[in-house]
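The structure under discussion appears below in the form of structure tokens.
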Amino acid sequence: MTHKTQTDSIDKVDKYNFKYCFSLEVERLKGVSGVYSFWRGSKLEYIGVSGNLGSRIKTSYKQRYETSTSSISMKYIPANISDAHILEIYLICTLNPKKNITGKTKEKPTININHQGWSDSWGVSGGCYR
């Protein structure tokens, strides 16, 4: 007879092949609108927006990183959907993430938008951490 430990359940993967602890965090975001981002270490890779972060984050990750072997983390900023759309393009223009195409320009915005900042980092692949 084998006994499951807490580590066993944390390391389990769901039907999308995500670590269980990451799936739990994303479930908490169902119906929450805002801006999300993917990071490779301290480097910003991608910024997106959604009216339902809980479903969009998983599909966005699968589209961009399904075959990635390096550790990717996710951060988000909850916001109403109108603010989120404005914030997304502002952050893309300001931070110039590697995998975004739309909104990339050589010029930086001449306006400044104050926002609450990114959430804690959540590991998508390569382990779960905050």
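The values are calculated or read from the model by the stated rules, or taken from the named source; none is laboratory data. Quantities reported herein were computed from a predicted structural model and do not represent experimental measurements. FYI the Cβ positions are ideal-geometry reconstructions off the backbone, even for glycines, and counts take in every protein chain you see.
Annotations for the structure displayed:
- Answer from K75, K98, K108 - the residue that is closer than 21 Å to R28 by Cβ and touching a residue at least 12 places away in the same chain (Cβ under 8 Å): K75
- Output for the range 56-79, where each listed residue is surrounded by fewer than 17 Cβ atoms within 10 Å (Cβ to Cβ) and either under 11 Å from the mean Cα position of the chain (by Cα) or modelled with pLDDT of 95 or more (or both): T59
- Residue in the range 80-109 that is surrounded by the most Cβ atoms within 10 Å (Cβ to Cβ), counting only those that are assigned to a helix (DSSP H, G or I) and among the small types (G, A, S): A84
- Qualifying position, being assigned to a strand (DSSP E or B) and under 18 Å from C21 (Cα atoms), among Y36, Y46: Y36
- Residue within the range 60-75 that is over 12 Å from F38 (Cβ atoms), touching a strand residue (DSSP E or B) at 6+ places or on another chain (Cβ under 9 Å) and of a type in the set (G, A, S) present: no
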